[in-house]
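The values are calculated or read from the model by the stated rules, or taken from the named source; none is laboratory data. The structure presented is a predicted model; accordingly, all values stated were derived computationally and were not measured. Here the Cβ is made from the backbone with ideal geometry for all residues, glycine too, and neighbour counts use every protein chain on show. Keep in mind that these areas ignore ligands, DNA and RNA; they rest on the heavy atoms of the full protein, side chains included. Shrake-Rupley method; radii C 1.70, N 1.55, O 1.52, S 1.80 Å.
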Amino acid sequence: MPLLAVVVAAAFATASGASYGVGEPSGSWDLQTNYTAWASSINFQLGDQLVFKYSLEAHDVVEVTKASYLSCSASSPISALRSGEDTIKLDRPGRRYFICGVPGHCDSGMKLQVRVAPPGCNSPPPPSEMDGTPGGNGTPGGLCLDGSPSPSPTIISTPGVISYNSAPGSSSTVSAALVIAATTMLLISMLH
Ligand SMILES: *[C@@H]1O[C@H](CO)[C@@H](O)[C@H](O)[C@H]1NC(C)=O
């Protein structure tokens with residue numbers, strides 16, 4: 001049953017890219033929204049898009065490197081957008097960084113980083129499996145969240161992150177855990 005849910009979710013996520021209005025529903029691209037909190041609730045997939053909506057006179061959107069994101073520097077942008085309604089296509093896996101280029105705004109919190117899951121990681125971590133089942137089921141979601149099975153060798157892997165993809169026998173370990181979990185659930189249901 002959990003496996004079926006994963007397959008259905010994957011097929012659905014692949015079929016159409018989602019569009020996310022940055023900061024919505026309670027905010028937009030503004031000085032009030034906590035974008036760390038906003039992005040943390042979304043599992044961004046390849047093909048999704050971000051839409052930054054804001055007042056032209058007040059703000060802009062600058063895509064920057066991680067270093068510039070951390071230091072709030074808009075002086076060497078990857079790209080700068082200022083239409084008031086800017087759409088960013090999330091067309092590659094990995095992290096991307098956006099700040100407002102108006103002086104002081106990034107320091108006040110107008111900075112957004114998103115992580116786009118690698119292909120094949122279309123399912124969000126299934127919350128329904130968090131309760132009651134013995135360990136092991138969290139692994140598939142975690143694997144996608146820390147992006148190791150990347151087809152692109154240009155992605156810089158985070159130091160210290162174990163690549164589940166290359167660990168010998170890891171997929172059979174996961175399968176075994178699923179079988180054990182399923183068997184346990186079956187036994188429990190037979191006892192009642
Ligand atoms: C924004 O949200 C994150 C995660 O919920 C939290 O850790 C952080 O302290 C918040 N930042 C501000 C400025 O409130």
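Listed values, structure above:
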{"quantity": "Within the stretch 53-158, strands (runs of 3 or more DSSP E) holding 2 or more residues that are modelled with pLDDT of 95 or more and open to solvent by 30 Å² or more (accessible area, probe 1.4 Å)", "calculated": "79-81, 85-89, 111-116"}
{"quantity": "In the stretch 85-105, the residues that are in contact with a helix residue (DSSP H, G or I) (Cβ under 8 Å, 6 or more places away or on another chain) and not aromatic (F, W, Y)", "calculated": "R95, I99"}
{"quantity": "Matching residues, the stretch 88-117, being touching a residue at least 40 places away in the same chain (Cβ under 8 Å) and of a type in the set (S, T, Y)", "calculated": "S108"}
{"quantity": "Unique match (being at pLDDT 95 or above and either within 16 Å of the ligand (Cβ to nearest atom) or surrounded by fewer than 15 Cβ atoms within 10 Å (Cβ to Cβ) (or both)) among A11, A5, A15, A39", "calculated": "A39"}
